[in-house]
Amino acid sequence: MKIRTVTNFGSDVYAPKSSRWRDPRAQLLSGEAWENAKGPVLRALGLPEDPTKLLDSHARTLDAAYREVASRIDAGTKVTVDDKGKLHLSA
């Protein structure tokens, strides 16, 4: 069994021979196997080989959503984001 400690998230315990509890990263393709599968996988998922434009588009969408939310918050309102990513507002 392999134990990996992650800062602020506790420990992940993996059982290498288990189909349910093994490290999911151990199943990723790499090297020549990935190069051979990459094109068909990206096409099947509808993803470009170069993710730059897609990620830029998502970043712009996310930025617009943040700005929309921010425009609806009154000045002087305390805004925090907790460890789970939830937004909290208090006057």
DSSP beta bridge pairing in the chain, given as percent antiparallel to the nearest 5:
100
Once Rg/Rh (Cα atoms, Kirkwood Rh) is worked out from the coordinates, which option in (i) 0.99; (ii) 1.14; (iii) 1.02 does it equal?
(ii)
Phi to ³J(HN,Hα) by Karplus 6.51 cos²θ - 1.76 cosθ + 1.60 over the stretch 39-54, Hz, x for Gly, Pro:
x, x, 5, 4, 5, 4, 8, x, 10, x, 5, 9, x, 3, 5, 5
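Suppose the chain between Trp34 and Lys78 were pulled fully straight at 0.36 nm per residue; how much longer would it get relative to their current alpha carbon spacing? Before the final figure, lay out the partial values.
On the way: separation 44, 0.36 × 44 = 15.84 nm, distance 4.72 nm.
This chain segment gains 11.1 nm when fully extended.
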Per DSSP H run of n ≥ 4, the term is -39500 (n - 2.57); total these for the chain, divide by its residue number, and report the mean residue ellipticity at 222 nm rounded to 500 deg cm²/dmol.
-13000 deg cm²/dmol
Counting only residues 5 or more apart in sequence or on a different chain, those whose built amide H sits under 5 Å from that of Tyr14 are Lys2, Arg4
For the stretch 2-90, the dipole about the Cα centre with charges only on Cβ (Lys and Arg +1, Asp and Glu -1), to the nearest 20 debye, works out at 380
Under the Karplus relation 6.51 cos²θ - 1.76 cosθ + 1.60, θ = phi - 60°, what is the ordered set of whole-Hz ³J(HN,Hα) values for the stretch 75-91, x standing for Gly and Pro?
4, x, 7, 7, 10, 9, 10, 7, 4, 9, x, 7, 8, 10, 10, 8, 6
I want to check the label-to-label distance for Gln27 and Ser71. Put each point 7 Å from Cα in the C-beta direction and report it in nm to one decimal.
4.3
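Here, each number is a calculation from the coordinates, and none is a lab measurement. Note that the structure is predicted; figures quoted are calculated from it, not measured. Virtual Cβ from ideal backbone geometry, glycine too; neighbours counted across all protein chains shown.
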